Amino acid sequence: FLLNIISVKGYGESEYWFAFIKVATIIIFLVVGVLIIIGVMGSDHVGFANFTTGDAPFAGGFMSFLGVFMIAGFAFQGTELVGITAGESEDPKKSLP
């Protein structure tokens, strides 16, 4: 609410910095993840050890591995399709009750 009552310039500037913070956070997470994998951060060198433990990454067979992608796709597509439909409809209030 406070960002909407200030000027357009202030709103645009704040949106720029919020987007910068999001991008910087993602980059930091990626860097930290790589550092943990190669053993710079943390106690042990993890590497790809989880992919060679037991029958990983296919614990439960290939169908279990495929099931993970099906569940993730279902979870993503449910919200994504509603957003796309609302964005492309002429009157979303009438079309998507």
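Those residues that are open to solvent by 100 Å² or more (accessible area, probe 1.4 Å) and either aliphatic (A, V, I, L, M) or touching a residue at least 60 places away in the same chain (Cβ under 8 Å) (or both), I need them from region 41-64; list them, please.
The one that is open to solvent by 100 Å² or more (accessible area, probe 1.4 Å) and either aliphatic (A, V, I, L, M) or touching a residue at least 60 places away in the same chain (Cβ under 8 Å) (or both): Met63.
Taking helices (runs of 4 or more DSSP H) that fall entirely within the chain, which contain at least 3 residues that are within 22 Å of the chain's Cα centre (by Cα) and polar (S, T, N, Q)? Even if it seems obvious, please write down each step before you answer.
Numbers: elements: 2-5, 8-38, 62-88, 92-95.
Ranges flagged: 62-88.
Looking at (1) assigned by the TED database to the domain that holds Leu3; (2) under 30 Å from Leu2 (Cα atoms); (3) of a type outside the set (D, E, K, R), which is the only condition Ser89 fails?
(1)
For region 65-84, name all the residues that are open to solvent by 70 Å² or more (accessible area, probe 1.4 Å) and at pLDDT below 80.
Selection gives Phe76, Gln77, Thr79, Glu80, Leu81, Val82, Ile84.
Taking the stated definitions as given, is Phe1 within 30 Å of Leu96 (Cα to Cα) and among the aromatic types (Phe, Trp, Tyr)?
yes
The values are calculated or read from the model by the stated rules, or taken from the named source; none is laboratory data. Remember, predicted model here, so these are calculated numbers, not experimental data. Heads up, the Cβs are rebuilt from the backbone with ideal geometry, glycines too, and the neighbour counts pull from every protein chain shown. Areas reflect the complete protein model, heavy atoms only, side chains present, ligands, DNA and RNA absent. Shrake-Rupley method; radii C 1.70, N 1.55, O 1.52, S 1.80 Å.
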